[in-house]
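Worksheet for the structure shown next.
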Amino acid sequence: MRTNGSAGASAAPGADSSTSTERYFNRELSWLEFNRRVLAEAQNETYPLLERLRFLSISGSNLDEFMMVRVAGLAGQLRSQIVETSIDGLTAGQQLQTIYRAIEDLVREQHAILSDLAGKLDEVGIRLIGDRKLERHEAEWLGEYFERHVLPALTPQAIDPAHPFPFIANQGTGVLFSLVRIADGAEVREMILIPPALPRFVRLPGEGTACWIGIEDLVRRKGSRLFPGFRIHGHGTFRVLRDSDMEIEEDAEDLVRHFRTAIQRRRRGKVILLQLQENFDPAAEDMLREKLRLDHALVLKSPGLLSMTGLAAVVEEERPELKFEPYSPRYPERVREQDGDCFAAIRDKDIIIHHPYESFEVVIDFLRQAASDPDVVAIKQTLYRAGKQSAVIAALIAAAEAGKSVTAVVELKARFDEEQNLMWASQLERAGVQVIYGFVDWKTHAKVSMVVRREGDGYRTYCHFGTGNYHPITARIYTDLSFFTADPRFGRDAGQLFNFITGYIEPKRTEMLSLSPLGLRRTLYECIEREIAFAKAGKPASIWAKLNSLTDSQLINRLYAASEAGVNITLVIRGICCLRPGVPGLSERISVKSIIGRFLEHSRVWAFGNGAEMPNRRARVYISSADGMSRNLDRRVEVLVPIRNRTVHDQVLDQVMLANLLDTEQSWRLEPDGTYHRMDPGPKPFNLHRYFMTNPSLSGRGAALTKGRKVPKLALRRGGATTKPD
């Protein structure tokens with residue numbers, strides 16, 4: 001299978017004459033290519049049916065966020081007449097034209113896949129009712145359900161000069177009815193807005209076939225109950241998406257108050273998408289267009305379901321045979337050997353934990369033990385996304401209530417988690433935690449915990465650095481790395497990081513960590529330059545990197561320069577990639593792949609050969625919270641963490657990175673023309689998710705490394721992966 005995408009056109013400002021489409025891919029079109037790969041998993045016949053439906057739902061929620069943020073931003077540029085071109089030289093108007101065509105194609109593909117999946121699900125006893133005629137018992141039950149659980153929440157609103165046009169909130173769905181009053185024959189138009197508190201899908205009770213109906217379909221079917229005394233001449237469903245990005249005022253005196261106000265404004269942002277059911281009444285469509293004041297918005301007509309996001313409810317159907325086999329993560333054996341004492345295990349040797357294969361519970365235990373340990377005097381913690389039911393928050397509150405000094409850096413600018421983070425901040429402050437909101441201009445995206453513990457005559461600092469959020473739910477499905485260390489050099493650097501965030505005290509120098517926006521970019525450049533020097537000296541030179549996105553033109557140009565100098569570069573970029581690989585004279589030594597599978601690849605890793613063939617013990621290896629994007633390198637507080645411990649180094653390089661490079665079952669190859677092709681699994685297919693689910697890690701195994709089950713060793717071989725006992 002392949003996905004098509006010409007992700008670029010025209011020259012980037014300041015680029016040489018060989019640039020434009022030959023040099024960069026367009027960021028937004030590259031993102032759409034990523035969502036096509038996600039959607040393609042809904043067609044993956046090796047997956048259970050409900051998991052395929054889950055991928056369809058994910059593609060829908062991804063597209064919503066893309067519209068509300070990225071597309072809305074381009075439309076805002078156009079309205080404000082901001083002349084700013086993309087990395088590939090396109091104006092906002094040019095990008096919107098291409099994006100809108102691509103979205104129309106993507107939505108058509110979503111509906112074709114839904115139709116196919118609905119037929120397959122029907123065969124195994126899960127039915128999406130849609131427009132199908134109801135059986136008598138189904139109609140009776142839905143009638144009673146409507147009367148008791150839906151009707152009381154609905155408010156019919158007449159659309160005429162005597163009534164103001166109702167406000168339609170972001171992601172709001174409604175049904176427009178065309179009616180005729182029986183008493184006098186007057187034509188009336190009524191709108192029913194679906195309250196967001198109602199379930200997106202309703203499941204009918206009973207054994208056997210599980211039947212699901214969309215809430216808007218139920219409202220349409222019960223129009224006669226809503227409008228007694230009227231004849232229904234027609235009806236149509238519509239949906240609205242609005243601009244959901246938030247601008248931060250540099251002179252905001254009270255950041256919390258500013259965000260509470262901004263969240264309210266976001267709900268009333270400009271409409272960016274009006275989605276209509278096919279055969280929607282043209283006169284009603286004209287009315288919506290006028291009342292919603294569409295300006296550079298997309299109007300999209302779709303057959304049937306207007307949003308795929310709600311299908312997540314159907315995925316929760318209790319049919320384990322139609323889902324992935326449940327997976328229970330391992331707990332680090334070295335912590336168990338220390339009777340569960342995280343501090344003893346970390347003090348003994350650095351540990352890295354590979355989520356979700358290894359339990360996020362060890363991160364929670366680290367904080368819980370810190371909260372209850374009488375020798376712990378201080379805890380400092382960054383919080384970007386913590387989830388709705390956060391054990392991390394509970395541990396910090398317990399620590400503060402136990403009299404410890406607790407500082408929490410809560411990021412209010414974590415998109416779509418602002419309200420949740422404001423709530424956590426309030427709870428933490430009430431418990432006595434010192435809550436800091438960081439910088440107005442920069443997001444604090446670094447994932448860091450530090451615990452100061454009294455030991456002997458002094459203090460020891462224990463640190464946790466992560467590539468993912470302190471979020472117990474996403475830690476079950478995102479692949480991330482958690483690095484624990486008691487190395488005093490890391491402790492001193494972490495202390496400087498927190499002082500920078502809380503007191504704006506810029507570190508003069510750090511011993512281990514590289515921080516953005518201060519020196520992380522410089523560290524990456526220095527590592528790339530070292531590889532260029534090795535190549536020019538005739539030595540092996542190579543770079544491996546695993547990122548979610550690569551869009552920064554300066555970093556891309558450094559990688560192009562390395563390729564031209566003879567450095568072999570292998571990139572695993574899950575999502576957006578603006579770098580064009582495999583172009584003679586520019587990037588012929590660069591290959592790019594994307595991995596989409598059961599788990600969402602989220603960890604960020606850099607590895608530099610350091611004058612020897614990769615993988616090797618001398619290689620410079622780093623994990624990071626930062627992607628290869630300008631915002632991460634210049635406008636966020638991020639960390640780049642060097643991995644020096646031999647066992648941890650081997651796990652990150654010889655297991656995590658190598659498995660990503662060797663995967664053939666879930667990998668897509670990016671071609672020079674911007675298209676992605678599924679890689680041929682070959683005669684010996686390799687699935688990195690299956691490998692990590694069935695094999696133990698190196699780090700954190702303690703005595704298990706010297707006895708018991710061996711860890712299969714991965715090796716680079718032409719034609720695929722090989723494994724052998726370590």
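Odds and ends about this structure:
- Residue match in the range 59-76 (condition: under 17 Å from residue 116 (Cα atoms) and either in a helix (DSSP H, G or I) or within 15 Å of the chain's Cα centre (by Cα) (or both)): yes
- Any hit, the range 193-204, residues being more than 31 Å from the chain's Cα centre (by Cα), modelled with pLDDT of 90 or more and assigned to a strand (DSSP E or B): no
- Residue within the range 156-164 that is over 25 Å from residue 322 (Cβ atoms), surrounded by 13 or more Cβ atoms within 10 Å (Cβ to Cβ) and touching a Pro at 6+ places or on another chain (Cβ under 9 Å) present: yes
- Residue match in the range 679-689 (condition: among the aromatic types (Phe, Trp, Tyr), surrounded by fewer than 24 Cβ atoms within 10 Å (Cβ to Cβ) and in contact with a Ser or Thr (Cβ under 9 Å, 6 or more places away or on another chain)): yes
- The residues of the range 671-700 that are under 30 Å from residue 334 (Cα atoms) and either among the acidic types (Asp, Glu) or part of a helix (DSSP H, G or I) (or both), listed by number, are 688, 689, 690, 691, 692, 693, 694.
- Failed item, numbered, when residue 473 is tested on (1) buried (at least 20 other Cβ atoms within 10 Å of the Cβ); (2) in the same structural domain as residue 449 (by TED's automatic domain parsing); (3) of a type outside the set (Phe, Trp, Tyr): (1)
- Residue 588 vs. criteria touching a residue at least 40 places away in the same chain (Cβ under 8 Å), assigned to a loop (DSSP other than H, G, I, E, B), of a type outside the set (Lys, Arg) and surrounded by fewer than 24 Cβ atoms within 10 Å (Cβ to Cβ): no
- Qualifying residue in the range 604-616 (condition: surrounded by fewer than 23 Cβ atoms within 10 Å (Cβ to Cβ) and under 25 Å from residue 327 (Cβ atoms)): yes
- Every residue from the range 460-476 that is assigned to a strand (DSSP E or B) and more than 15 Å from residue 638 (Cβ to Cβ): 460, 461, 462, 463, 464
- Note on the range 138-155: residues that are loosely packed, with under 11 Cβ neighbours inside 10 Å and not small (Gly, Ala, Ser) amount to 4.
- Filtered by the rule that a residue be touching a helix residue (DSSP H, G or I) at 6+ places or on another chain (Cβ under 9 Å), in a helix (DSSP H, G or I) and not basic (Lys, Arg), the range 513-554 gives 520, 524, 525, 528, 529, 531, 532, 533, 535, 553, 554.
- Hey, residue 182 surrounded by 11 or more Cβ atoms within 10 Å (Cβ to Cβ) and at pLDDT 95 or above or not: no
- Count of residues meeting criterion [touching a strand residue (DSSP E or B) at 6+ places or on another chain (Cβ under 6 Å), in a loop (DSSP other than H, G, I, E, B) and under 16 Å from residue 697 (Cα atoms)] in the range 308-331: 1
- Any hit, the range 575-582, residues being among the basic types (Lys, Arg), assigned to a loop (DSSP other than H, G, I, E, B) and buried (at least 20 other Cβ atoms within 10 Å of the Cβ): yes
- Criterion violated by residue 139 - all others in (1) small (Gly, Ala, Ser); (2) in contact with a strand residue (DSSP E or B) (Cβ under 8 Å, 6 or more places away or on another chain); (3) assigned by TED's automatic domain parsing to the domain that holds residue 308 satisfied: (2)
- Residues in the range 41-50 that are under 17 Å from residue 119 (Cβ atoms) and either in contact with a Lys or Arg (Cβ under 6 Å, 6 or more places away or on another chain) or not charged (D, E, K, R) (or both): 42, 43, 44, 47, 48, 49, 50.
- Qualifying residue in the range 499-514 (condition: modelled with pLDDT of 95 or more, in contact with a strand residue (DSSP E or B) (Cβ under 6 Å, 6 or more places away or on another chain) and not aliphatic (A, V, I, L, M)): yes
- Exactly one residue out of 180, 150 is in contact (Cβ under 8 Å) with a residue 12 or more places away in the chain and in a helix (DSSP H, G or I): that is 150.
- Filter result for residue 631 (at pLDDT below 95, under 29 Å from residue 518 (Cα atoms) and surrounded by fewer than 18 Cβ atoms within 10 Å (Cβ to Cβ)): no
- Enumeration of residues in the range 645-670 that are under 12 Å from residue 698 (Cβ atoms) and not in a helix (DSSP H, G or I): 645
The values are calculated or read from the model by the stated rules, or taken from the named source; none is laboratory data. Just so you know, these numbers come straight off a predicted model, no measurement behind them. For neighbour counting, all protein chains shown are included, and Cβ atoms are generated from backbone atoms with ideal geometry for every residue, glycine included.
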